[in-house]
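Derivation of every value follows stated rules applied to the coordinates shown; laboratory data play no part. Nothing here was measured: the structure is a model prediction, and the numbers come from that model. Note: ideal-geometry Cβ built from the backbone for every residue, glycine included; neighbour counts use all protein chains shown.
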Amino acid sequence: MRVMVLIKATEQSEAGEMPSQELLEQMTAFNEELVNAGVMLAGEGLQPSSRGARVEFSGSERKVIDGPFTETKELLAGYWLWQVKSMDEALEWAKRIPNPTGEHGVVEIRPVFEADDFGDELTPELREREAHLRAQTGGSA
Amino acid sequence: MRRREAVRSPVASPDVRRTVEAVWRIESARLIAGIARVVRDVGLAEDLAQEALVAALEQWPESGVPDNPGAWLMATAKHRGIDRLRRAEVHQRKTEELGRDAQLRSPADDDLAAVADDPFDDDLLRLIFTACHPVLATDARVALTLRLLCGLTTKEIARAYLASESAVAQRIVRAKRTLSAARVPFAVPGRGELRERLASVLEVVYLIFNEGYYPTAGERLTRPELLEEALRLGRILAELLPREAEVHGLVALMELQASRTRARIGSMGEQVLLLDQDRSHWDWLLVGRGLRALERAYATGGPIGPYTLQAGIAACHARARAPEDTDWERIVALYDGLAQLVRSPVVELNRAVAVGMAFGPRTALTIVDRLSEEPTLDSYHLLPSVRGDLLEKLGRLDEARAEFERAALMTANSRHRTALLGRAAVCESE
């Protein structure tokens with residue numbers, strides 16, 4: 001199964017503070033461990049919400065809201081996509097994410113939907129268009 | 001003999017048991033490898049690791065899960081090992097006192113105590129080469145690899161291969177005995193024999209993958225658990241041996257084939273052939289990973305082998321957005337290269353299919369007819385299946401129907417049989 005590991009933002013990540021060298025070193029080592037174990041499929045860090053924007057939908061109206069956003073605990077600072085045998089394995093790996101500063105942090109782990117989970121909602125035409133798009137983007141996650 | 005089935009024991013609460021299983025999944029291979037380096041016997045190493053696992057199940061519900069569960073398991077296994085060796089030494093002294101000739105191996109306790117808590121990756125590589133040693137029969141190598149490197153239980157292996165648990169257990173016990181008897185060193189092969197021994201490792205990984213992708217028997221069209229284990233093993237190997245082109249070639253091949261898993265099965269559970277597949281059902285994350293792995297294979301600059309060539313063929317399909325965009329001439333060229341490396345009638349049959357697509361069914365049929373005299377293909381259902389397909393394209397429907405029906409009788413997979421009988425029926429109705 002695949003899981004997405006969502007790394008929640010902190011005040012530091014939202015302030016745009018770069019991680020300490022110690023954290024960087026430990027994270028690099030952890031990422032290497034994930035790759036070496038055949039677990040890591042993809043992953044990226046996200047810039048603070050001050051560099052981002054939202055589009056809000058309401059009826060036919062589209063409202064663009066520039067960051068930063070205030071509800072820090074609900075924001076994301078990065079993600080991983082892991083291939084694991086079970087949620088338990090994912091939890092065990094997540095417990096090993098380095099946290100040298102001892103700060104409060106949260107990661108959320110969510111199983112990924114397989115395309116089949118959408119059933120008939122995705123019509124053949126939609127699937128075909130999706131295939132074209134994915135082929136154009138080179139199939140990257 | 002205590003085995004991992006002890007995980008089912010009622011001692012541990014379900015939560016702790018699941019945590020222990022997850023820790024085992026992550027740590028067992030490195031744990032066994034680290035111990036095996038010192039005791040020089042993978043069978044004994046696994047027994048010690050299992051004992052540590054049982055201890056975890058007994059103690060963690062009381063003590064809580066330790067901060068570093070891998071280190072805890074390693075330390076426990078080390079202590080068990082020291083106890084055992086001391087007993088063996090006492091036993092040996094007594095035996096010698098009795099004037100018998102006992103030949104028990106007993107490395108110094110110090111050696112065992114010196115096992116690093118964080119074993120080197122080299123240990124893992126040693127374990128892989130040992131489990132896949134050519135002294136073992138193929139099915140023994142497969143079982144041992146799933147057991148020692150993937151951390152699967154005997155029960156899980158038996159279920160995946162539709163074999164009885166006792167048969168798998170026997171196979172593993174015998175494999176360990178064979179390794180001991182043949183005094184197979186716990187080592188990575190030297191430069192001179194590395195390629196040859198690596199071929200044996202890659203073969204095991206690809207066999208596991210293929211049993212997941214084309215199950216030889218049973219009701220299901222795929223066995224995802226085996227696919228995922230093989231992919232994981234391949235990805236691990238690619239990081240352990242990054243300079244070996246064929247390792248990346250195999251990974252590329254598996255990622256690209258696995259990307260089609262979902263598209264291979266139709267809404268009624270029937271098999272969908274490559275060219276009929278809905279390409280939006282392909283897993284584009286895996287396609288991207290496969291193409292990158294293929295680039296890595298070429299970037300090593302090392303000798304290209306059969307896996308890289310096959311991955312190259314799979315990549316031709318992956319790059320075609322629609323079946324008619326497929327570069328069949330390139331595929332034929334890659335098959336030509338493959339046929340030079342691997343003199344196999346199966347490769348020749350696949351080459352015939354590509355030739356049929358690139359240059360027409362008549363040319364292809366000549367190749368297939370030549371293969372009909374090949375005794376090794378006597379019971380290979382894909383031969384009449386391909387022949388039927390070519391005959392159908394040439395409008396020779398009666399002959400085509402007979403071939404599909406012949407193929408249906410040869411396959412042990414009920415889903416494949418249904419698909420072939422379906423094609424026979426189409427020939428009859430046209």
Practice task
Go through (1) within 17 Å of the chain's Cα centre (by Cα); (2) farther than 30 Å from B:PRO242 by Cβ one by one and return the number of the condition A:GLU44 breaks.
Solution key: (2)
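Here is a list: A:ALA37, A:ALA42, A:ALA29. Which entry is exposed (fewer than 15 other Cβ atoms within 10 Å of the Cβ), within 30 Å of B:LEU125 (Cα to Cα) and within 14 Å of another protein chain (Cβ to nearest Cβ)?
On the way: A:ALA37 fails: exposed (fewer than 15 other Cβ atoms within 10 Å of the Cβ); A:ALA42 fails: exposed (fewer than 15 other Cβ atoms within 10 Å of the Cβ).
A:ALA29 is the lone residue from the list that is exposed (fewer than 15 other Cβ atoms within 10 Å of the Cβ), within 30 Å of B:LEU125 (Cα to Cα) and within 14 Å of another protein chain (Cβ to nearest Cβ).
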Exercise for the section: List the number of the failed condition for B:ARG243; all other conditions in (1) away from every other protein chain (no Cβ under 12 Å); (2) among the charged types (D, E, K, R); (3) buried (at least 24 other Cβ atoms within 10 Å of the Cβ) hold. Expected result: (3)
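Give the residues of the stretch A:69-88 that are within 14 Å of another protein chain (Cβ to nearest Cβ) and in contact with a strand residue (DSSP E or B) (Cβ under 9 Å, 6 or more places away or on another chain), sorted by residue number. Explain how you work it out, then say what you get.
So in the stretch A:69-88, the residues within 14 Å of another protein chain (Cβ to nearest Cβ) come out as A:79-88.
Across the stretch A:69-88, the qualifying residues are A:TYR79, A:TRP80, A:LEU81, A:TRP82, A:GLN83, A:VAL84, A:MET87.
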Practice task
Given the conditions (1) farther than 17 Å from A:VAL35 by Cα; (2) within 12 Å of chain A (Cβ to nearest Cβ), report the number of the one that B:ARG232 does not fulfil.
Solution key: (1)
Practice task
Just one of (1) within 14 Å of chain A (Cβ to nearest Cβ); (2) in contact (Cβ under 8 Å) with a residue 60 or more places away in the chain; (3) buried (at least 23 other Cβ atoms within 10 Å of the Cβ) trips up B:ALA258, so point out which.
Solution key: (2)
Practice task
For B:ALA299, work out the one condition from (1) of a type in the set (A, V, I, L, M); (2) touching a residue at least 24 places away in the same chain (Cβ under 8 Å); (3) farther than 28 Å from A:VAL112 by Cα it doesn't fulfil.
Solution key: (2)
